[in-house]
Amino acid sequence: MQREEHYPHAPAVSRRRFLGGAIAVGAATAVPLIAHSQFFDVPFVPTPQVVVDEMLRLAGVGPGDVVYDLGSGDGRIVITAARKFGARAAVGVELDDHLIYQSEESARQANLGERVKFVQQDFFKADFSQATVITLYLLPAVMRRLRERMLRLKPGTRLVAHDFDFEDWKPDRRTTIRKNVFLWIVPASVGGQWQVRAAVPGSEFAFGLELRQKYQELDGFARIEGQPGGLWEANIEGDRVRFVVVDSRDRDNEATLYFEGRVSGGAMEGEGTRGVGNQQVRFKWLATRVGDLPTKAGGRK
Amino acid sequence: MTRQVSYSSWRVSRTLYGVTFVLLYLLVPAVAAAVLDVPTPYVPSTQSNVDEMLRLAAVRPNDVVYDLGSGDGRVVISAARDWGARGVGIELDAKLVAESRELARRDGVVDRVSFREGDVLKASIGDATVVTMYLLTPLVNRLEPRLLAELKPGTRIVAHDYGFAEWKPDRHVHVSKNFYLYVVPARVAGKWQVTVSLPTASREYELELAQRFQEIKGGARVTGGYLPAFDARLVGERIEFVLVDDHLSYRFEGRVSTHAIEGVVRWGHGPRQQESTWRATRLTAVTEG
């Protein structure tokens, strides 16, 4: 794993810098950008093995996963993912052919065969749409450039990084094992107007839902029989959506409805509960997207 | 459920305090105590608020739910009727206590609930496993040291609208109103002698922990160095932390009792994960903070 400062239009001269220790990381932030931008495609700062382990643990890598490491350096993340965590496939994308060679040699020694692959490529041009997990250790400017692309990946794709994050896209989880390690789960896109049908036994009803989305955070409101009502605890993790609606049509007998479900394009469906304890009733619900958000932002919150 | 102190009376006491600062300086504790003990407006929670509190506390049939300022008894009765728990209500107002008993009879839960007429600051609450409250901030904060001292570690406290000033909630839920969940933390501050049994040998660490409510930090002294405890967490009597030793992360999980911690430590990943038991005994206690 390496931190990578990326200049796609720079001359095809590639140089490596080996930096050890956390102090050098700080220095590397400024140096390649200012002093050596024409030459340093790749400041290579290897990630300590415990941090590699923590990244893959936090992402929950297992036999079902396809792991891509963007800027794979000496290949340690890719090899660890396949060897220790049993990933189905692990792919390293790296510009520097010396590092590619070194990685392939290590993979051969670990006897990992076809399960690992190293691709010499600019990862801004690489296709990593097959990934279920992507690992990153990149400078803030590069993280910023990648963010929009990451958000268009398949919902549920896990991204793990250390030291540098996606700024206002808050991590879903964060741990600190020597370094700060962040996990993001690519959220499905759910912003818009929805019509929800809740098949509550004995009182099936439909209501409108307006969802505003900022990454995995949702807010908005429900409209039950024309009455705007609160939408609470709404969030999305991958394609799993959760929200709470208080049905106050009957003022003396308010009911709280808890919704959980999956999003797939213009539809959501799942199971909900009404009430609590031994009074709890389960019901099925489904929703269809009926429109975009009003362009005028003067809505209520 | 009752708010025991009205905002208006609190504001009056603060205004007076400002006007005749010197004179009142000595009188304030007495005045405040008098004000705080007055059972003022009774603001019942709606049923959906009650549901949310008991849901956040994840009440189970073996729980004993105390509602501090129990009003007409709706939280206590719901805990028994809808969750199968036992419930105790503490309420100053005798009329509301009588009403609670009547409502409990109507809902057929008299054998599992009791209502005590009394002051929440004086009532004995030690056998609670869940405490609910909808009280104004001054009273909530006066209750805090008592709750921490008298409740067993692992007891869940749910506050409606007004939480503790210093003690951060373990969870916060916003459904119509704000609800805060606090889990009473075990006392772990101090030095512990940790022994990890490994297949071939055993390893010793001297673990030192500092604690502020449920937040803990510290590390382990080993021959030739200090290992900081990463991601240290304490929820009730369950503790976890990570020590990085020889380029491996050792993930400790354990249960704290008065003089010992016992649990499991895991290292390695996937098919290569290994685990062992660990035990810690208390060497010294350090004061909180």
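Every read-out reported here was derived from the displayed coordinates using simple, explicitly stated rules and does not represent laboratory data. All values reported here derive from a predicted model rather than from experimental measurement. Here Cβ is always computed from backbone atoms with ideal geometry, including for glycine, and neighbour counts include all displayed protein chains.
Structure notes:
- Reciprocal mean inverse distance between Cα atoms of the range B:47-183 - Kirkwood radius, Å: 14.6
- Where Rh is the Kirkwood radius over Cα pairs, Rg/Rh for the range B:190-285: 0.94
- FRET efficiency for B:Glu204 and B:Thr277, using Cβ-Cβ distance with R0 set to 22 Å, rounded to 0.05: 0.95
- Legend: residue pairs B:Lys95/B:Lys152; B:Lys152/B:Lys191; B:Lys122/B:Lys152; A:Lys154/B:Lys177, Cα-Cα distance threshold 24 Å; pairs beyond threshold, B:Lys95/B:Lys152; A:Lys154/B:Lys177.
- Ranked for footprinting exposure by Cβ neighbours inside 10 Å, fewest first, A:Met150, A:Met268 give A:Met150, A:Met268.
- Note on A:Lys84: lysines with a C-alpha under 21 Å away, same-chain residues under 8 apart excluded, are A:Lys117, A:Lys179.
- Rounded to whole numbers, the Karplus 3J(HN,Hα) couplings from phi for the range A:133-149 are 9, 10, 10, 9, 9, 10, 5, x, 5, 6, 4, 4, 5, 7, 4, 4, 5 Hz, using 6.51 cos²θ - 1.76 cosθ + 1.60 with θ = phi - 60°, and x at Gly and Pro.
- Under the Karplus curve 6.51 cos²θ - 1.76 cosθ + 1.60, θ = phi - 60°, whole-Hz ³J(HN,Hα) for the range B:272-278, x wherever Gly or Pro sits: 8, 5, 10, 8, 8, 9, 9
- Whole-number percent relative contact order across the range B:57-201, with pairs defined as alpha carbons under 8 Å at least 6 apart: 20
- 3J(HN,Hα) along the range B:181-187: 10, 10, 10, 4, x, 5, 8 Hz, from the Karplus curve 6.51 cos²θ - 1.76 cosθ + 1.60 with θ = phi - 60°, whole Hz, x for Gly and Pro.
- The alpha-carbon atoms of the range A:88-171 define a convex hull whose volume equals 112 cubic angstrom per residue.
- The Rg/Rh ratio for the range A:192-291 is 0.94, where Rg is the radius of gyration of the alpha carbons and Rh is the Kirkwood radius.
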